[in-house]
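Colleague: Please read through the structure below; I'll follow up with questions.
The values are calculated or read from the model by the stated rules, or taken from the named source; none is laboratory data. All values derive from a computational prediction rather than experimental measurement. Ideal geometry is used to build each Cβ from the backbone, glycine not excepted, and the neighbour counts take in all protein chains shown. Accessible surface is based on the protein model in full, side chains and every heavy atom, while ligands, DNA and RNA are left aside. Shrake-Rupley method; radii C 1.70, N 1.55, O 1.52, S 1.80 Å.
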Amino acid sequence: MKKKNEIVPSNSNSFPDVLPKKRRGWFEEGTDKLGRPFEKKLDEDGLYTKKEILKDGTRKLTIKKKP
């Protein structure tokens, strides 16, 4: 049984199958206070994604559907 906040590694090639290729909406790129890059997107359809790199170098992709 997986924990709710468990990080599961995924092949980055599988992401394009989940996310639409063209998205319109609000986008933000930058670095956190420790200098690690991140990218946030909220499109017109309510799909929120955040790509970030954790302390150990693991890449994390968060996907949420906003109402």
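Colleague: Identify all residues within segment 38-49 that are open to solvent by less than 50 Å² (accessible area, probe 1.4 Å) and part of a strand (DSSP E or B); write none if there are none.
Modeller: Phe38, Glu39, Asp43, Leu47, Tyr48, Thr49
Colleague: Okay, moving on. Of everything in segment 50-66, what is open to solvent by less than 70 Å² (accessible area, probe 1.4 Å) and either touching a Gly at 6+ places or on another chain (Cβ under 8 Å) or of a type in the set (Ser, Thr, Tyr) (or both)? Give them in sequence order. So that I can check it myself, show each step before the final result.
Modeller: In the first step, residues of segment 50-66 are kept if they are open to solvent by less than 70 Å² (accessible area, probe 1.4 Å); the result is 50, 52-54, 57-58, 61-62.
Passing the criteria: Thr58, Thr62.
Colleague: Given the condition modelled with pLDDT of 85 or more and either among the aromatic types (Phe, Trp, Tyr) or open to solvent by 70 Å² or more (accessible area, probe 1.4 Å) (or both), answer yes or no: does some residue in segment 9-24 qualify?
Modeller: For segment 9-24, residues modelled with pLDDT of 85 or more and either among the aromatic types (Phe, Trp, Tyr) or open to solvent by 70 Å² or more (accessible area, probe 1.4 Å) (or both): present.
Colleague: Mind checking which residues of segment 27-37 are among the acidic types (Asp, Glu) and assigned to a strand (DSSP E or B)?
Modeller: Within segment 27-37, Glu28, Glu29 meet the criteria.
Colleague: Which one is nearest to Gly25 (Cα to Cα), of the residues in segment 50-67 that are of a type in the set (A, V, I, L, M) and part of a strand (DSSP E or B)?
Modeller: My answer is Ile63.
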